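Reading through the structure tokens given below for one structure.
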Amino acid sequence: GAVAGFFGKLIDAGLMRITDVMLSVPILLLVPLATRIFGEASPTKIAIIFGLFSWMPMARILRSYFLSLREMQFTEAARALGVPASRIIFRHLVPNAIGPIVVSFTLGIAGNIVLEAFISFLGFGIQPPQVSWGSTLTGAQGVMIQGNWWWITFPGLAVVLTVLCINFIGDGLRDALDPKIVE
């Protein structure tokens, strides 16, 4: 995203078309397919699949942010002084884009937690004896009929609270790391 936004033109078009193709792949269908091909899903396999298919939103956000940052006066001044592109990107633009990076990263983590719980709830993710919130919710379905509401309530609340906390942490980090906010 940073490279595409900074250099623009053909590099931008090529990298964003690759990103668009990757965005069109439904991750929800990849995990069941991977469990059929590679055997039982493990936390490591699921993390690898999620990692390979969750970078695209961050790349698009970075691209849009870098498109605006490359037109700023400090970037033009650095170019006029002959500063190499890699130094402009890493020394000047990335620190100014750290807020959106942190927010996108934490939103991705929170989304992947919910997605893993959902896939495990459907039976395609982490299987017992390994523990997952989704597999715990699946096991709790049978005892809901008997009136044991807490079996499904507390794992569900744990997912909600974890995702909420991660989002709050990301928001706090964005405020703490944003160079534009001066206290």
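The values are calculated or read from the model by the stated rules, or taken from the named source; none is laboratory data. Values in this document were obtained by computation on a predicted structure and should not be read as measured data. With ideal geometry, Cβ positions are generated from the backbone for all residues, glycine too; neighbour counts draw on all protein chains shown. Surface areas here come from the heavy atoms of the whole protein model, side chains and all, with no ligands, DNA or RNA. Shrake-Rupley method; radii C 1.70, N 1.55, O 1.52, S 1.80 Å.
Under the Kirkwood approximation applied to all pairs of distinct alpha-carbon atoms, what is the hydrodynamic radius of the chain in Å?
Details: mean 1/r = 0.0527 Å⁻¹.
Result for the chain, one decimal place: 19.0 Å.
Given a 1.4 Å probe and the protein chains all in place, what does the accessible area of GLU40 round to, in Å² to the nearest 10?
Accessible area of GLU40: about 120 Å².
Highest first, please rank the peptides 11-22, 122-133, 142-153 by the mean number of other Cβ atoms sitting within 10 Å of their residues.
Working: 11-22: 13.8, 122-133: 16.1, 142-153: 11.8.
In decreasing order of mean packing, 11-22, 122-133, 142-153 become 122-133, 11-22, 142-153.
If R₀ is 22 angstrom, what is the calculated FRET efficiency for the pair VAL94 and SER42, using the beta carbon separation as r and rounding to 0.05?
On the way: r = 34 Å, r/R0 = 1.54.
That pair, VAL94 with SER42, gives E of 0.05.
Find, to one decimal place in angstroms, the Kirkwood hydrodynamic radius of segment 110-155, where the mean of 1/r is taken over every pair of different Cα atoms and then inverted.
The answer is 10.6 Å.
Tell me what the chain gives for mean residue ellipticity at 222 nm when only DSSP H runs of n ≥ 4 count, each as -39,500 (n - 2.57), the sum divided by the residue total, rounded to 500 deg cm²/dmol. Write out the running numbers ahead of the final one.
Details: 9 runs with 130 residues, N = 183.
Estimated from H runs of four or more residues: -23000 deg cm²/dmol.
Skipping prolines and chain starts, which residues have an amide H placed within reach, meaning under 5 Å, of the one on GLY125, given they are 5 or more residues away or on another chain?
SER120
Only Lys, Arg, Asp and Glu count, each charged at its Cβ (+1, +1, -1, -1), so figure out the dipole size of the chain about its Cα centre, rounded to 20 debye.
Computed about the Cα centre, the dipole is about 500 debye.
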